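Below is one structure; the comments refer to it alone.
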Amino acid sequence: MVRLIAILFGIGFIFAGVAGFIPMTTPGGYLFGLFQVDTMHNIVHLVSGVLAIMAATTLKLTKLYFLIFGIVYAIVAIVGFARNGDLFIMQVNMADNFLHLGIGIVAIYLSYYASKQQTS
């Protein structure tokens with residue numbers, strides 16, 4: 001089940017990365033008018049999505065992906081909150097920070113859930 005969720009994460013991130021390059025979906029530089037995006041942000045989403053799909057090949061890789069991915073996205077959220085959206089290589093807004101925090105928490109939980117599946 002968690003491997004399927006990794007594939008869905010991957011599809012979602014690839015969709016967000018591609019949509020970020022489409023002017024119609026990014027009025028004023030905001031994906032769907034809500035999330036601040038730029039080229040680097042879109043590339044990060046594309047890479048995150050591809051890695052999620054690649055990690056879904058085994059339960060062990062899925063667990064590792066969600067753990068690392070969750071920690072990184074939680075740190076990105078914390079830095080985004082602390083630095084008022086300045087992530088050095090890209091800018092984010094408050095909506096991004098909350099989304100990144102939520103994704104980080106869910107991903108860390110999914111890593112834990114994958115551990116439970118692995119021992120069952």
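The table for this structure:
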{"quantity": "From the options Ala82, Ala114, residue that is surrounded by 12 or more Cβ atoms within 10 Å (Cβ to Cβ), more than 14 Å from the chain's Cα centre (by Cα) and not acidic (Asp, Glu)", "calculated": "Ala114"}
{"quantity": "Qualifying residue in segment 1-23 (condition: of a type in the set (D, E, K, R), over 14 Å from the mean Cα position of the chain (by Cα) and surrounded by 15 or more Cβ atoms within 10 Å (Cβ to Cβ))", "calculated": "yes"}
{"quantity": "Enumerated helices (runs of 4 or more DSSP H) restricted to segment 24-120, each holding at least 1 residues that are in contact with a His (Cβ under 9 Å, 6 or more places away or on another chain)", "calculated": "59-82, 94-119"}
{"quantity": "Any chance Ala55 is out of contact with any Pro (no Cβ under 6 Å at 6 or more places or on another chain), of a type in the set (A, V, I, L, M), touching a residue at least 60 places away in the same chain (Cβ under 8 Å) and within 24 Å of Tyr112 (Cα to Cα)", "calculated": "no"}
{"quantity": "Matching residues in segment 94-120 - criterion: being modelled with pLDDT of 95 or more, over 20 Å from Ile68 (Cβ atoms) and not aromatic (Phe, Trp, Tyr)", "calculated": "Met94, Ala95"}
{"quantity": "Every pair of residues 6+ apart whose Cβ atoms lie under 8 Å, when the first sits in segment 79-104 and is touching a residue at least 24 places away in the same chain (Cβ under 8 Å) while the second is outside any helix (DSSP H, G or I) and among the hydroxyl-bearing types (Ser, Thr, Tyr)", "calculated": "Asn93/Tyr30"}
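The values are calculated or read from the model by the stated rules, or taken from the named source; none is laboratory data. Since we're looking at a predicted model, the values are computed, not measured. Note: ideal-geometry Cβ built from the backbone for every residue, glycine included; neighbour counts use all protein chains shown.
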